[in-house]
Structures are given as structure tokens and as C-alpha cells.
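Okay, so here's the structure we're looking at.
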Amino acid sequence: MKRYYGSQQNVTKPVEKITLDDRSVSKKRIFFIALFLCIGIGAFVYAFTHLGGEEKGWQKVTLDKVVDESSYFDFTLSYEFGKTKKSVKREKNALSEAYKSLCREAYILFDRTTEYDGKGNLCTVNRHPNETVTVEPALYKAFETYAFYSTNRLLYLNALTEHVEALVSSDSDEALSEYDPYTTDSVREFFNKTAVFAMNPESVQLELCGDNRVILHVSDEYITFAKENDIANFIDFGWMKNAFICDFLADSLIEKGFRNGILTSSDGFTRNFCESTEDFSYTLVSYEDGAARNAGTMNYQGKMNFIWLHDYPVNTFDRMSRVLMLPDGNRRHTYIGRDGMPKSARHDLLVWSPGWPCANLAISAANSYISDETDLSYFLKDCGYWDMNALFFEDGMIHTSDWSVTFINTSMTVVKHPVAGAE
């Protein structure tokens, strides 16, 4: 609603012409004229900056009237306005339009269910196995990132993503028994067989041909198995999808000149792409006594990227599509292991780096987190080989590889582990 100051009526008043003689203008009158001019200019500046939405500083950027399905995006973009020569209003409008367009593009790129005219996306690749397909450059880059950094078969194991999502959204015992590989032998057999195909490069393998062209090689045996068992996709980013989307959005905004923001997804992926070296804080959450608890705050400096892997719900997004809490305290989630079974080494693993983007961190941490092995101290040590750090919680303690960060507002004991390569 517009805010008005003074009368809203457009009234024309009669004008009286007055002839001024410079000799008759007193110093007092000059003073008051100057004073009123200053007050008027000040009022105009105040109205322009405050009533026009020109406040500097941190603000959330919302997606109003987002086109079609991209309104599903569960990302939060916070941005520090007023650090460029542009007016805050112009900067905010430009950022909002760019962000909205990029969110729509990201939705299309990673959509596994729908093909779009003139847009080679994830669905296009899955619908045309054993064919050369041209995909969008951003999706090709995501495939390249996975191929370069991955020593696992996550992209192929995530063929089970739709099935584990059906599992975590089960709302009855009947539905749970239909999808749960831990309680139903036939479901476990299906998960295991799918994993055998997914783990075998002779059964399924994505070939990068250059110039944004790919071929998804799939064996006849796997195609037949997929048709018989309602497997719609041979490859999927699964739980990693928002890591890749977070990188795409942040990198694209940076390319467009927006360099002072923090982008966070509800499932735990964060890109702080601020150029400032000021202090920032990251709120820690741990799982205690069957629920998510605030575990304190970690302070750090400058730009940083985070991934937070967790096997328990902390928000509506988790409860709807990531984690199912069972009455006995067990959980079902979307982290798929080498045998096709959902699993996690611990409740939490937080990994961060100033240089590695979210997708790289997620791929690197996956082998350790999606495992039957519960001791992650070796992962903290190995962080020394890469430009990253990590922490996990255990018995009221914070175990971390980072000796430079500080922790506040926590009752936990901080244990700092030696890392490989440290002097």
C-alpha cells in the first residue's frame, strides 16, 4: 500500500507575484530560506530511500509469481544490498528477475519426469538410452563434475530415488511394507538387484562426447529389468540434486555480477559467495534424545560452502521428502548405499570449504557417510589432503578437523583432530 505524507488532493492555489529587492532581504530571511530548503531536500531523500524500499544491508530475496512448477524451490537467498554504485531498488529488482529466471532454468535442467521442447534435460537423457543426446551446457557441466570427482556410482544408484522417496512418504503400515527393503524380503531383493545393475559399468554408463552431447549406454538386460520393475530413470542426482542446483544458481548469479549473497537449501546445502572477509556464523544442529537440537554456533570468515548430511528431519521439507521416522526410533532416508539400501554412518556430517562448491563436497563425502562404518575420524584426517574441513557429533562432543574456527553458545566439548599433511 502506498504511504502518503500530507494532503492527497491535487489543489492548485493562486500564485501571488512578489518583487524582491535584494537590499530588503534580511540575513534572517536568507537563513530561514536555506533552512527550509535543507529540510525539503532531506525529506525528499528520506522518502526516496525509505519509502521506495531502498534500505541497505541484508535482505531476503523472495520468488513472487514464479512461473509454473519452479515455485517448488525450497531455497533461501539472503543478499547484502548497497555495496555497489547502483541504487538499492535497481539492484534488488535486477537480482529478483535474474534469480527467478535461473530458478526456472534449474528446475527444467534437473527435472527427471518431463521433457521440454528445445531443452535437453535429465529426463531427455533417461528417455533416450543408447542415443546421442544434446543437453543444456549447465547440465553437461554437472555431468562433468560428477565424472571428474566421483569414485562411486551414485548417479546410477540413484535410479532407486523414486522408490526411496515413496518409502519416506509412506503414511501407513501397508505402504511402508510395500516399499521398505528392511522389512520386506521381496523389496530388499529388488533394491539389491537394481544396485547390481547400477554398480556395473557394462550395464549402465554415461558417456560424455563433448559439445554438450552425451550417450547413456544401457544394456538390454537392464532395460528389460527396468520395464518390469517400474524403474523410470537409469540415472538421477537424487539427494545430491540440490547441491548441484545450489552451485548452478550461485555461480550464475556471480557471473551476472551479484557477489554478496548466501544461498541455502532446506536440505542442507549452502553457498556463501560474499566477497567480504567479515565474520559469519553457521548454526549447528545435532540429533539428541530422538530429536533435532541446537548444538551451538560456528564462526568463520569470508566466503564458504557447506554441505550438511543428516538422517533425521529438521523441517517440513525433510519430513515430506527426505526422512521417515519410525515408531521404534529407526529412520528411512534417501542416502542409497552400494547395495541399494538406505544407510548412513552417523546422524550428521558437516563439511565445508572456501574453494570447493557444494557438489564436489557432496561427492567427496558420500563414500564415508553412506556406509556401514560408523567411525568417521579417518575422514576428518583425510580432509588435510583437500581444501575442506568437517565435523560430526558424538557423545556430547564436537569432533572437527578445523583448528581455525571458533564455537560459541555450545555446551559440547570441542575435539580438534590432527589432519594429514599438517606440520
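So that you can scan it fast, the table gives a plain yes or no per residue for (1) under 14 Å from residue 309 (Cα atoms); (2) among the acidic types (Asp, Glu); (3) modelled with pLDDT of 95 or more:
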site	(1), (2), (3)
350	yes, no, yes
353	no, no, yes
358	yes, no, yes
363	yes, no, yes
372	no, yes, no
390	yes, no, yes
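Would you call residue 420 more than 20 Å from residue 245 (Cβ to Cβ), touching an Asp or Glu at 6+ places or on another chain (Cβ under 8 Å) and crowded, with 19+ Cβ neighbours inside 10 Å? It is false that residue 420 is more than 20 Å from residue 245 (Cβ to Cβ), touching an Asp or Glu at 6+ places or on another chain (Cβ under 8 Å) and crowded, with 19+ Cβ neighbours inside 10 Å.
Return yes when residue 367 is assigned by TED's automatic domain parsing to the domain that holds residue 246 and modelled with pLDDT under 95 and no when it is not. Judged against the criteria, residue 367 is a match.
Looking at 97, 105, just one residue is charged (D, E, K, R) and free of Cβ contacts under 8 Å to residues at least 12 places away in the same chain, and that residue is 97.
Name the single residue, out of those in the range 340-384 being of a type in the set (Lys, Arg) and under 23 Å from the mean Cα position of the chain (by Cα), that is surrounded by the fewest Cβ atoms within 10 Å (Cβ to Cβ).
Taking the range 340-384 as the starting set, the residues that turn out to be of a type in the set (Lys, Arg) are 343, 346, 381.
Retained after the next criterion (residues that are under 23 Å from the mean Cα position of the chain (by Cα)): 343, 346.
Details: 343: 17, 346: 19.
If we take residues in the range 340-384 being of a type in the set (Lys, Arg) and under 23 Å from the mean Cα position of the chain (by Cα), then 343 is surrounded by the fewest Cβ atoms within 10 Å (Cβ to Cβ).
Mind checking whether some residue in the range 389-403 is aliphatic (A, V, I, L, M) and over 30 Å from residue 141 (Cα atoms)? Yes, the range 389-403 contains at least one residue that is aliphatic (A, V, I, L, M) and over 30 Å from residue 141 (Cα atoms).
Which of the numbered conditions does residue 45 fail, given that it passes all the others? Conditions: (1) outside the structural domain of residue 246 (by TED's automatic domain parsing); (2) farther than 20 Å from residue 263 by Cα; (3) of a type outside the set (Gly, Ala, Ser); (4) modelled with pLDDT of 50 or more. Of (1) outside the structural domain of residue 246 (by TED's automatic domain parsing); (2) farther than 20 Å from residue 263 by Cα; (3) of a type outside the set (Gly, Ala, Ser); (4) modelled with pLDDT of 50 or more, only one is false for residue 45: (4). Of all residues in the range 52-76, those that are farther than 23 Å from residue 259 by Cα have Cβ atoms under 7 Å from Cβ atoms of residues that are at pLDDT below 85, 6 or more apart or on another chain, in 71/63. Among the residues of the range 214-252, the one identified as under 21 Å from residue 133 (Cα atoms) and either at pLDDT below 95 or in contact with a Gly (Cβ under 9 Å, 6 or more places away or on another chain) (or both) is 214. Just give me the residues in the range 405-423 being free of Cβ contacts under 8 Å to residues at least 24 places away in the same chain and of a type outside the set (A, V, I, L, M), in sequence order. Matches in the range 405-423: 413, 416, 423. When 124, 84, 145, 114 are checked against the criterion of being in a loop (DSSP other than H, G, I, E, B) and either surrounded by 15 or more Cβ atoms within 10 Å (Cβ to Cβ) or at pLDDT below 95 (or both), 84 stands alone in meeting it. When residue 419 is tested against (1) touching a helix residue (DSSP H, G or I) at 6+ places or on another chain (Cβ under 6 Å); (2) in a strand (DSSP E or B), exactly one condition is not met: (2). Within the range 48-65, the residues that satisfy the criterion of being more than 19 Å from residue 270 (Cα to Cα) and either of a type in the set (Ser, Thr, Tyr) or modelled with pLDDT under 55 (or both) are 48, 49, 50, 51, 52, 53, 65.
Quick check on my filter: what residues within the range 113-158 are touching a Cys at 6+ places or on another chain (Cβ under 7 Å) and not assigned by TED's automatic domain parsing to the domain that holds residue 191?
We begin by selecting, within the range 113-158, every residue touching a Cys at 6+ places or on another chain (Cβ under 7 Å); these are 113-115, 132.
Matches in the range 113-158: 113, 114, 115.
Given the structure, is residue 208 in a strand (DSSP E or B), under 27 Å from the mean Cα position of the chain (by Cα) and of a type outside the set (S, T, N, Q)? It is true that residue 208 is in a strand (DSSP E or B), under 27 Å from the mean Cα position of the chain (by Cα) and of a type outside the set (S, T, N, Q).
Across the range 294-330, the qualifying residues are those that are assigned to a loop (DSSP other than H, G, I, E, B) and at positive phi, and the one among them that is nearest to the chain's Cα centre (by Cα) is 302. Residues that are small (Gly, Ala, Ser) and either assigned to a strand (DSSP E or B) or closer than 23 Å to residue 360 by Cα (or both) are absent from the range 222-237 altogether. Once the range 248-285 is narrowed to residues that are basic (Lys, Arg) and part of a loop (DSSP other than H, G, I, E, B), the residue that is farthest from residue 300 (Cα to Cα) is 256.
The values are calculated or read from the model by the stated rules, or taken from the named source; none is laboratory data. As the structure is a computational prediction, the values presented were derived from the model and not from experiment. Cβ coordinates were reconstructed from backbone atoms using ideal geometry, including for glycine residues, and neighbour counts include every protein chain displayed.
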